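Quick notes on the structure that follows.
The values are calculated or read from the model by the stated rules, or taken from the named source; none is laboratory data. Predicted model, so just to flag it, every value in this text is computed and none were measured. FYI the Cβ positions are ideal-geometry reconstructions off the backbone, even for glycines, and counts take in every protein chain you see.
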Amino acid sequence: MSALWIDTDMGSDDVFAIIAAHAHRRIDGVSLVSGNAPLPQVVRNAHRCSAAFGWEFPFYAGADRPILGPLETAERILGPEGLPVRGEGPLLPQVAEPALPAFLEPLCDWLQRDDGPRHILALGPLTNLALLALVRPELIARIDRLVWMGGAVGRGNHTPSAEFNAFADPEAVQIVLDRGMTPDVIDLDACRKVLIDEDDVTAQAENTSARGVILTRLLGGYLDIALSRGRKAMGLYDPVAAAAMIAPEHFTFAPAETRVECAGPVTRGRTATDFISTAPNSRYAVDLDAEAIRTLCLGALTTI
């Protein structure tokens, strides 16, 4: 079995994605990065989720800011914790929060092991992987597959031009592409094909275990983002990337050359995608089995 490392900024859909991945694959390590919230809050979320869901894989602290430019978070959408929740009262357990070791050395050690292919699932800004590419470029060849939830062939979500993970650190995305990591990209267009609605929250509520109740409130809070904007359904986002990692048979990928806008004040973070290029540096999920992916991802939540 291929070994899996996850890089995440630990918001609600990141939690759902980790649960889905963990149901099918061994997770060897998780590196954290600022994104949905500042890094201290991301670390706090990791400690509390690990206690709530009984995760035993190790967590490591990563970058607390982008390669260049100011820190950009999704707090205005997700709230100060990066974990919007439906209902009142405490959600995740309050636990001790010891300092986490830095990610780079453990990730490098993991890449140099010989116990199977090395797969990385990236669910946030690509800052940590860009740092790996800059500091230890010789290890890039050890990554057998990189799946990233990010970018947008069409319209953005954080700005009209850009998807959040790309906007938060566009220089990091370009470094990853330029250094030859060749990601499988699950962009906004792909994620928007896999939707959840109130019926899915109702189905999750049938799991009345302590973990099930937590997930119902998280799933409801996540859906409420869409409901607050007059939409009845919400794209599943990070779990779609997890599905691409664990069940690639549900996806059709096409090669493309991606360049990231790093300078334009209006278009910063835009991922310009050329599907007819003779020098592709990425692959995009251009088609997928939305119902199979929904069943895989939501099924992991209802049975935890």
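Annotations
- Residue ID - surrounded by the fewest Cβ atoms within 10 Å (Cβ to Cβ), chosen from residues in the stretch 162-171 that are out of contact with any Pro (no Cβ under 6 Å at 6 or more places or on another chain) and in a helix (DSSP H, G or I): 171
- Residue in the stretch 7-19 that is in a loop (DSSP other than H, G, I, E, B), out of contact with any Ser or Thr (no Cβ under 8 Å at 6 or more places or on another chain) and buried (at least 19 other Cβ atoms within 10 Å of the Cβ) present: yes
- Here the condition is being in a loop (DSSP other than H, G, I, E, B), surrounded by fewer than 21 Cβ atoms within 10 Å (Cβ to Cβ) and in contact with a Pro (Cβ under 9 Å, 6 or more places away or on another chain); of 91, 71, it holds for 71 alone.
- Taken over the stretch 4-21, the residue count meeting the criterion of being closer than 16 Å to residue 212 by Cα and out of contact with any Gly (no Cβ under 8 Å at 6 or more places or on another chain) is 7.
- Filtered residues of the stretch 169-227 (kept if under 26 Å from residue 119 (Cα atoms) and basic (Lys, Arg)): 179, 192, 193
- Single residue of the stretch 134-161 satisfying the filter (modelled with pLDDT under 95 and either among the polar types (S, T, N, Q) or surrounded by 13 or more Cβ atoms within 10 Å (Cβ to Cβ) (or both)) that is nearest to residue 35 (Cα to Cα): 158
- For residue 239, the conditions (1) buried (at least 20 other Cβ atoms within 10 Å of the Cβ); (2) closer than 17 Å to residue 121 by Cα; (3) more than 17 Å from the chain's Cα centre (by Cα); (4) not aliphatic (A, V, I, L, M) all hold with the exception of (3).
- All conditions in (1) in contact with a helix residue (DSSP H, G or I) (Cβ under 8 Å, 6 or more places away or on another chain); (2) over 27 Å from residue 192 (Cβ atoms) hold for residue 39, with the sole exception of (1).
- Restricting attention to the stretch 44-64, the residues that are surrounded by fewer than 16 Cβ atoms within 10 Å (Cβ to Cβ) and touching a Ser or Thr at 6+ places or on another chain (Cβ under 9 Å) total 3.
The rows are residues; the columns are (1) assigned to a strand (DSSP E or B); (2) on the phi < 0 side of the Ramachandran plot; (3) of a type in the set (Phe, Trp, Tyr); (4) more than 19 Å from the chain's Cα centre (by Cα).
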residue	(1), (2), (3), (4)
202	no, yes, no, yes
206	no, yes, no, yes
215	no, yes, no, no
218	no, yes, no, no
225	no, yes, no, no
249	no, yes, no, yes
252	yes, yes, no, yes
